[in-house]
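The values are calculated or read from the model by the stated rules, or taken from the named source; none is laboratory data. Because the structure is a prediction, the values reported are computed rather than measured. No Cβ is skipped: glycine too gets one built from the backbone with ideal geometry, and neighbour counts run over all protein chains shown. SASA here: full protein model, heavy atoms, side chains in, ligands and nucleic acids out. Shrake-Rupley method; radii C 1.70, N 1.55, O 1.52, S 1.80 Å.
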Amino acid sequence: GKWLAFMQASRLKKIPMPGGPAVQIADSSAHFGWGDGDVVVLTKRGALWRVSAAGGVPVLVAKPDSVAGGRVYAWPYVLPGGKAVLFDIVTAGDNASAQLAAARLDDGKVVPLGIAGRNPRYVASGHIVFGRLDGTVVAVPFDAGALRVTGPAVTVLESVYIKGGGASEFGVARDGTLFYVQGNS
C-alpha cells in the first residue's frame with residue numbers, strides 16, 4: 001500500500017504513493033503481479049520471471065515448452081505468501097485458447113488448472129476470479145496450497161469490457177470488493 005507499480009515504455013517501475021521519483025524494477029515486461037514479500041512476477045518473451053520489488057536482475061521461473069508452438073504465459077498473479085503464481089497460457093494470436101495455470105516459484109513446475117479464462121486473481125474467500133472472452137467474470141473454488149481447483153465455476157458478472165488483447169477490465173480489492181468496466185468487447 002506504499003507504492004504504485006506501472007509500465008512505462010515496457011519498463012516496470014514503481015512510485016511512492018505520497019509522491020516522489022519513480023524507481024525502475026525491471027527493464028522489460030509485458031504483464032506483472034506484485035505479491036507478499038515484495039515478490040514481483042513478470043512476463044517477458046512469453047515466460048514467467050521473478051524479481052524483487054526493489055529491482056534487480058529477473059530470474060527465470062518457467063517458460064512454455066518450445067514443442068507447444070507459439071504458447072506464451074500472461075497475466076501473472078502472485079498468490080498469498082509469495083510462493084506461487086496464477087497465470088494464463090495462451091497460444092500467440094489466439095485469445096480463445098487461453099487456459100489458467102499455476103506454478104510454484106521455487107521449482108517453476110507448471111500446473112494446468114483445466115479451465116478456460118484470462119487474467120486470474122485470487123480472493124480471500126478461497127476462489128480464483130477470472131475473465132472470459134464473452135464478457136463474463138467467473139469464480140471457482142481453489143486450494144492455494146495444493147494449486148488445484150476444488151469445485152465448479154460460477155458466473156459472477158456479465159457484460160464486462162474485454163480489451164483487444166483479451167484482458168477483462170475488472171479488479172478485486174483485498175476486502176473482496178469487485179470493480180469493473182461495463183461494456184461490449
Give the residue list of trypsin sites (Lys or Arg not before Pro) in the stretch 1-55 that are DSSP loop and have at most 15 other beta-carbon atoms within 10 angstrom. Lys2, Arg45
Which value, in debye to the nearest 20, describes the size of the charge dipole of the stretch 1-69 about its Cα centre when Lys and Arg Cβ atoms bear +1, Asp and Glu Cβ atoms bear -1, and nothing else is charged? 140 debye
What is the distance in Å between the Cα centroid of the stretch 110-153 and that of the stretch 60-105? 13 Å
Taking the Cα atoms of the chain, what is the range of coordinates along each of the three principal axes, in descending order and whole Å? 42, 41, 32
Express the accessible area of the chain per residue in Å², computed with a 1.4 Å probe while the remaining protein chains stay in the model. 51 Å²
5 Å is the cut-off here: which amide hydrogens, built 1.01 Å from N in the peptide plane, fall below it relative to Ala62, excluding neighbours closer than 5 in sequence? Leu48
Please work out the FRET efficiency for the pair Phe179 and Ala47, using the Cβ-Cβ distance as r and a Förster radius of 22 Å; give the result to the nearest 0.05. 0.15
Mind checking the stretch 112-160 for trypsin sites (Lys or Arg not before Pro) that DSSP puts in a loop (not H, G, I, E or B) and that have at most 15 other Cβ atoms within 10 Å? none
Tell me, Kirkwood radius of the stretch 124-166 from alpha-carbon pair distances, in Å? 11.1 Å
What length, rounded to one decimal in nm, is gained on full extension from Val123 through to Lys2, with 0.36 nm per residue of separation minus their alpha-carbon distance? 41.5 nm
